[in-house]
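**Student:** My questions will all concern the structure given below.
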């Protein structure tokens, strides 16, 4: 692809440049890595962490440019984007591209997409999905060497200008719990400070747990380290006495569960390796009472976002946002594994083992039922005993319509809409579900007895959690306002319906036969890894399902012949590939993967010329 000239970078504004607009000419002589991202996307957040070592290693030669192309309406708000850049500690320039101008120019079809440009302004390679860190290191290193030999490399500092530091007692708090059920004694996950904070009734900070430095370290309260902690749950007192810790923390960016002893703030790691779960790692399903398949600290996790004690399972339930599943952890036996979801991203109800989830981000118990918000489908769902089968568990949707439909609309659950909710609780007296509807800046109420969704408050700043207080009052974690506020919820408020959908370019394909190709090339120094079976996997489906007449399913090759019927919808493609180091005493395995949801319009074949592209679609995994 070296012969392809890179397109100019155009958007609404530049951030992280001190007010300066950048052009490709300004960047000539540098390697430029474009990261097409959107801040709702967990895979994009994973890629941000994969890029941090590259930024440090090639600081004088590589410029990373984030191109923010929003999925949700809220993400197109420039203030929300500035908040996200601060929240995720992004230390490179970001181009705000709300109209997807640069996205379209580079032919991006999914979040995240990466494009590497050489110092002369030509595209070197493009990649989709996550897991490319090792490959990028090899490709960047090789390209730096080639450019230095040609004399085209211009080493030195890049264009990034950091913003002034923020101050405050909280920074982007994520979740909170009332200790011992007392809403005046809160423990808050202060994600932006990488700490837990205990807050008194007057709002004063009682103590902090964690040093405030990003990292994974156990020990006393002032030495332990977290990385963007999120969900919290307090264990039953009798169980906590046996275990020696009281609170379980979803330490999201560390991909770990941590235990905290409230008496002195001692922190210990309970589960996770500190490395992100990747395709191929495997995970045995959680069976209550069964012994662990592996020690929990040897099992990789993937962005655990929330946790709650599940009495019937006698386990800590986990919203495993990074791989679109629910997991469970038995702290007495160490048993750990999934309880719902296939790892395919989407909205599909049914028996828990075959349901599709999409970034579950908040959990709340109501007897044997566990309610959860599935943020990427803007949905409220429930994990409960499967009454139809008489055994096992089932996932059912109460509110939500799919990956690309969202908005602010009250009414029956089948028609109501939310926008990327992150938190929820069960109101004790009414047994209704209170939802922090994050990207709508709203507090919503769902009544299971009537299946109606209503709105209780608006104009909140990215509410990420809600806690029932006394009658008629709740506490809301207002994440982007860096605070916890008390609200009265005596009556619903009227809202005007806003029904929206993700706006992306539609790909036209011909009815009948279409050739799908997912190019993948192992990075320099790597080869396809077939030691444990096929090195690649491709899964294809469509919404609505009848759009795809043939070609759905999973195979061990990255090409497929699809047959379409006329209509419009979304083509869902999931690709995975495994590679390993060629020359190494202990070769490392590298897994990459991506889920595409491509809006398609199927057109008639009449009049299609020989050079028409509607008979083929290419989605590069790495090319």
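Nothing in this text is a laboratory measurement; each read-out follows from the coordinates by a stated rule. These numbers come from a predicted model, not from an experiment. Reconstructed Cβ throughout: ideal geometry from the backbone, glycine too, with neighbour counts over all protein chains shown.
**Student:** Ordered by packing density, taken as the mean number of other Cβ atoms within 10 Å over each peptide's residues, highest first, how do 370-378, 49-57, 96-104 rank?
**Tutor:** Final packing ranking: 370-378, 96-104, 49-57.
**Student:** Same structure, new question: If neighbour count is taken as other Cβ atoms inside 10 Å, put 532, 226 in order from fewest to most.
**Tutor:** 532, 226
**Student:** Computed from the mean reciprocal separation of all distinct C-alpha pairs, what Kirkwood hydrodynamic radius does the range 1-165 have, in Å?
**Tutor:** 15.7
**Student:** What FRET efficiency, computed as 1/(1 + (r/R0)^6) with R0 = 25 Å and r the Cβ-Cβ distance, is obtained for residue 415 and residue 491, rounded to the nearest 0.05?
**Tutor:** Result of the calculation: an efficiency of 0.70.
**Student:** So for each of 208-220, 319-331, 125-137 I average, over its residues, the number of other beta carbons within 10 Å; can you give me the resulting order with the highest mean first? Before the final figure, lay out each step's value.
**Tutor:** On the way: 208-220: 16.7, 319-331: 26.0, 125-137: 23.1.
Result, highest mean Cβ count within 10 Å first: 319-331, 125-137, 208-220.
**Student:** While we're on this one: Residues of the range 230-270 with the amide nitrogen closer than 16 Å to a label point 7 Å from the Cα of residue 284, along Cα-to-Cβ, please.
**Tutor:** Nothing falls inside the zone, counting backbone N under 16 Å.
**Student:** Given points 7 Å out from each Cα along the Cα-Cβ axis, report the residue 396 to residue 583 separation in nanometres with one decimal.
**Tutor:** Using points 7 Å along Cα→Cβ, the separation is 6.1 nm.
**Student:** Give me the extension gain from residue 501 to residue 528: residue separation times 0.36 nm, minus the current Cα-Cα distance, reported in nm with one decimal. It would help to have the intermediate numbers written out before the result.
**Tutor:** Details: separation 27, 0.36 × 27 = 9.72 nm, distance 3.82 nm.
Computed gain between residue 501 and residue 528 is 5.9 nm.
**Student:** Let me ask something else about it. Can you pull the semi-axes for the range 481-567, root of five times each eigenvalue of the Cα gyration tensor, sorted largest first, whole Å?
**Tutor:** Semi-axes, largest first: 42, 25, 13 Å.
**Student:** Determine the relative contact order of the chain: mean sequence separation of Cα pairs under 8 Å and six or more apart, normalised by residue count, in whole percent.
**Tutor:** With pairs under 8 Å counted, the relative contact order is 9 percent.
**Student:** Kirkwood Rh, Cα Rg: Rg to Rh for the range 178-252?
**Tutor:** Details: Rg = 12.3 Å, Rh = 12.8 Å.
So for the range 178-252, dividing Rg by the Kirkwood Rh gives 0.96.
**Student:** Specify the angular offset, from 0 to 90 degrees and rounded to the nearest 10, of the alpha carbon long axis of helix 133-150 from the longest principal axis of the alpha carbons in the chain.
**Tutor:** 40
**Student:** What distance in nm separates the two pseudo spin-label positions at residue 387 and residue 214, each 7 Å out from Cα along the beta-carbon direction?
**Tutor:** That separation, rounded to one decimal, is 4.7 nm.
**Student:** Within the range 512-537, which residues have the backbone N less than 15 Å from the label spot 7 Å out from residue 57 along Cα→beta-carbon, could you tell me?
**Tutor:** Of the residues in the range 512-537, 523-526 have backbone N under 15 Å from the label point off residue 57.
**Student:** At q = 0.07, 0.10 Å⁻¹, what is the base-10 log of I(q)/I(0) for the chain according to the Debye formula with one equal point scatterer per Cα and no solvent? Please give it to two decimals.
**Tutor:** Rounded to two decimals, the profile gives -0.43, -0.91.
**Student:** The range 11-62 to the range 164-222: how many Å between their Cα centroids?
**Tutor:** 30
**Student:** Same structure, new question: So what is the relative contact order for the range 506-623, in percent, with contacts set as C-alpha pairs under 8 Å and at least six apart?
**Tutor:** With pairs under 8 Å counted, the relative contact order is 39 percent.
**Student:** Rounded to the nearest 0.05, what FRET efficiency do residue 616 and residue 405 have when you use their Cβ-Cβ distance and R0 = 41 Å?
**Tutor:** Approximately 0.90, to the nearest 0.05.
**Student:** For helix 78-87, what angle does its Cα long axis make with the longest principal axis of the chain, in degrees from 0 to 90 and rounded to 10?
**Tutor:** 80
**Student:** Is the shape of the range 210-293 rounded, prolate or oblate, going by the alpha carbon gyration tensor and its root eigenvalues a ≥ b ≥ c, with a/c under 1.5 for rounded and a/b larger than b/c for prolate?
**Tutor:** Values: a/c = 2.43, a/b = 1.16, b/c = 2.09.
Judged from the Cα gyration tensor, the range 210-293 comes out oblate (a/c at least 1.5, b/c at or above a/b).
**Student:** Which whole-number percentage describes the relative contact order of the range 1-165, with Cα contacts under 8 Å and a sequence gap of 6 or more? The partial results should precede the final answer.
**Tutor:** Values: 297 pairs, mean separation 62.0, N = 165.
RCO, the range 1-165: 38 percent.
**Student:** Using a simple spin-label model with points 7 Å from Cα along the Cα→Cβ vector, what separation in nm is obtained for residue 473 and residue 149?
**Tutor:** Taking the two extended label points, one gets 7.1 nm.
**Student:** Taking 0.36 nm per residue of sequence separation and subtracting the Cα-Cα distance, how much length would be gained by fully extending the chain between residue 86 and residue 222, in nm to one decimal?
**Tutor:** 46.6 nm
**Student:** Then there is this: Compare the peptides 157-164, 335-342 by average per-residue count of other Cβ atoms within 10 angstrom and give them in order, highest first. It would help to have the intermediate numbers written out before the result.
**Tutor:** Numbers: 157-164: 12.4, 335-342: 23.9.
Highest mean packing first, the order is 335-342, 157-164.
**Student:** Then there's this: Which FRET efficiency value, to the nearest 0.05, is calculated for residue 206 and residue 24 with the Förster distance at 51 angstrom and r the Cβ-Cβ distance? Each step should come with its number before you reach the end.
**Tutor:** Details: r = 52 Å, r/R0 = 1.02.
Step by step, r from the Cβ atoms, then E = 0.45.
**Student:** Also, I was wondering about something else. So if I take the centroid of the Cα atoms in the range 569-594 and the same for the range 463-521, what is the distance between those two points in Å?
**Tutor:** Here the two parts' Cα centres lie 30 Å apart.
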